[in-house]
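Below you'll find the structure, written out as structure tokens, and then a few comments.
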Amino acid sequence: MRLKLNNFFYWLLMVLIILACKSDEDDLCCPPDDNTNPNVLLIIADDMGLDASPGYNVGTLKPNMPNLQNLINSGITFNNVWSNPVCSPTRSTILTGKYGYRTNVLDAGDNLSIQETSIQTYINANSGNEYSDAVIGKWHLGPPTQPSHPNNMGVGFFSGMTQAGVESYYNWQHTENGQVSTSNEYTTTKLTDDAITWINDQEQPWFLWLAYNAPHTPFHLPPSDLHYQGSLPEDQASIDTNPLPYYLAAIEAIDSEMGRIFNSISSEDLENTVIIFLGDNGTPGQVVQQYHSQRAKGSLYKGGINVPMIISGKGVNRINAQEDALISTVDLFATISELCGISTDEIHDSISFKELLNSSGGNDRSNIYSELGSNYFAIRNSTHKYMSFEDGSEALYNLEENPFEMPNLLDPNQLPLSDNDQENKTELITLANQIRN
């Protein structure tokens, strides 16, 4: 009889264990869910074009960026990402998933209406507030009189500068959730400190938009332990005479501080984090390499809008890959939303490229578009680029024959357009009209 009772209790114990493992409650006997939504870390460098970026064959002098190089080695380098020519419109496209003509953010300093739905608001509304979010760094989307503009747009935590930039990297106006004070800490370091503190305080999946204001002007000398440019003169005359090494030093300082962020995150959380590194527009004309100075930041030529983007981390299964798909910064709205577990293949002007993180050829975009102001725009497909200027003049380039946009096939001195060129011109104008109307 005792033996039967022992068998009965043994059987009962096994049933209870099995039922416990099937319970919805967390339990040590149940394996962890491998489908946990990842953290998303979006890092934006201000005024950093392809010519100043490792991983791209444009430019001769490159900054030393070991941490970015590690992201390149472990992830995907995107070769055909278009932004806007200046910062505010690019940031608005990411924040809203809309082109500037829809939001009236068409130039630097234009203000974004708080009636627009930000990506933070969208993610919160569609994930049941599963994500905590913050924007740390440069905002430049609201009026100077409204330091709480980021929070009014639905950003959970804001710390940084709300305007175009700083007069000094060592003496600047710092805003935290609408409260303004003076900071004397080097901006790149201060923003990094704030990012580390915020990340370490999170107890749920998080989305951090970290927008460094470097390497935007004023050109300057960062702290010596943050860069690799050696001993540079600190006087303004030397900086003005040859600003390039100072510009590269500011980029290297970003990389050093990025490394400090990565090292501050636990290995478990870092493995569950998607890292997106992006330039917001091309390199300024004073320090641009290979491009003409008038075809850099502020222009719709390649040097102004073809920007670096590297993605690595959780769910990125392509290693040290090069991707030529056409991507717009407006697409980050849908893509980041999908990374956060929201089914958003396409919304507004934004098309998700999440599938490209697993395999090439998974992109639905056939063209990309950019603009500056109301009457200056560009559009391209896989082979050709069309530009319309404010004075009504036009340009057409065959990018297969010359990716640096020479010559203008519509120049009167050029031969008449081939049938192929004419077909592409007509197609691109039609597409632009559809986008803009």
Per-residue HN-Hα couplings for the stretch 53-65, Karplus 6.51 cos²θ - 1.76 cosθ + 1.60 at θ = phi - 60°, whole Hz, x for Gly and Pro?
-> 10, x, x, 10, 8, 10, x, 9, 9, 10, x, 7, 10
From phi via Karplus (6.51, -1.76, 1.60), per-residue ³J(HN,Hα) for the stretch 390-398 in Hz, x at Gly/Pro | 4, 7, x, 6, 9, 8, 9, 10, 8
How would you classify the stretch 87-211 from its alpha-carbon gyration tensor, with a ≥ b ≥ c the square roots of the eigenvalues: rounded for a/c under 1.5, else prolate if a/b is greater than b/c, otherwise oblate?
-> oblate
Taking a ≥ b ≥ c as the square roots of the Cα gyration tensor eigenvalues, with a/c under 1.5 meaning rounded and otherwise prolate when a/b beats b/c or oblate if not, the stretch 297-437 comes out prolate
Using alpha-carbon positions, what is the distance between the centroids of the stretch 358-437 and the stretch 218-289, in Å?
-> 33 Å
Normalised by the residues of the stretch 227-334, what does the relative contact order come to in percent, with Cα pairs under 8 Å and at least six apart?
-> 22 percent
Above-threshold pairs, the threshold being 18 Å between Cα atoms, out of 354/425; 302/385; 98/138; 354/385 | 354/425; 98/138; 354/385
Contact order normalised by residue count of the stretch 340-437, Cα under 8 Å, 6+ apart, percent = 15 percent
Counting pairs of alpha carbon atoms under 8 Å apart in space and at least six apart in sequence, what relative contact order in percent does the chain give?
-> 22 percent
Expressed per residue, the solvent accessible area of the stretch 72-208 in Å² (1.4 Å probe) is about 35 Å²
Pick out, in residue order, every one of the chymotrypsin sites (Phe, Trp or Tyr not before Pro) in the stretch 347-437 that is DSSP loop and has at most 16 other C-beta atoms within 10 Å; say none if there are none.
-> 389, 404
Can you pull the percent of the chain's accessible area that's carbon plus sulfur, 1.4 Å probe, other chains left in place?
-> 47 percent
How large is Rg over Rh for the stretch 273-351, taking Rg from the Cα atoms and Rh as the Kirkwood inverse mean of 1/r across Cα pairs?
-> 1.04
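Using only Cα atoms, figure out Rg for the chain and give it as a multiple of 2.2 N^0.38 Å.
Values: Rg = 24.3 Å, N = 437, 2.2 N^0.38 = 22.2 Å.
Normalised Rg, Cα atoms only: 1.10.
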Output ³J(HN,Hα) for the stretch 144-155: one whole-Hz value per residue in order, computed from phi by the Karplus curve 6.51 cos²θ - 1.76 cosθ + 1.60 with θ = phi - 60°, and x for Gly and Pro.
-> x, 7, 10, x, 8, 3, x, 5, 5, 7, x, 6
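Return the calculated 222 nm mean residue ellipticity for the chain, to the nearest 500 deg cm²/dmol, obtained by summing -39500 (n - 2.57) across DSSP H runs with n ≥ 4 and dividing by the residue count.
On the way: 13 runs with 133 residues, N = 437.
So the helix-based figure for the chain works out to -9000 deg cm²/dmol.
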Determine, for each peptide in 86-95, 417-426, 233-242, the mean count of other beta carbons within 10 angstrom over its residues, then list the peptides with the highest first.
-> 86-95, 417-426, 233-242
Packing-wise, with mean Cβ within 10 Å as the measure, how do 74-84, 282-292 rank, highest first?
-> 74-84, 282-292
In square angstrom, what is the accessible area per residue of the stretch 273-325 with a 1.4 angstrom probe?
-> 31 Å²
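Once you order the gyration tensor axes a ≥ b ≥ c over the Cα atoms, which shape class does the stretch 172-265 get: rounded for a/c under 1.5, otherwise prolate or oblate by comparing a/b with b/c? Mind showing how you got there, number by number?
On the way: a/c = 2.83, a/b = 1.74, b/c = 1.63.
It comes out prolate by the Cα gyration axes.
The values are calculated or read from the model by the stated rules, or taken from the named source; none is laboratory data. Quantities reported herein were computed from a predicted structural model and do not represent experimental measurements. We place every Cβ from the backbone using ideal geometry, glycine too, and count neighbours over all the protein chains shown. Just the protein is used for accessible areas: all its heavy atoms, side chains included, with ligands, DNA and RNA removed. Shrake-Rupley method; radii C 1.70, N 1.55, O 1.52, S 1.80 Å.
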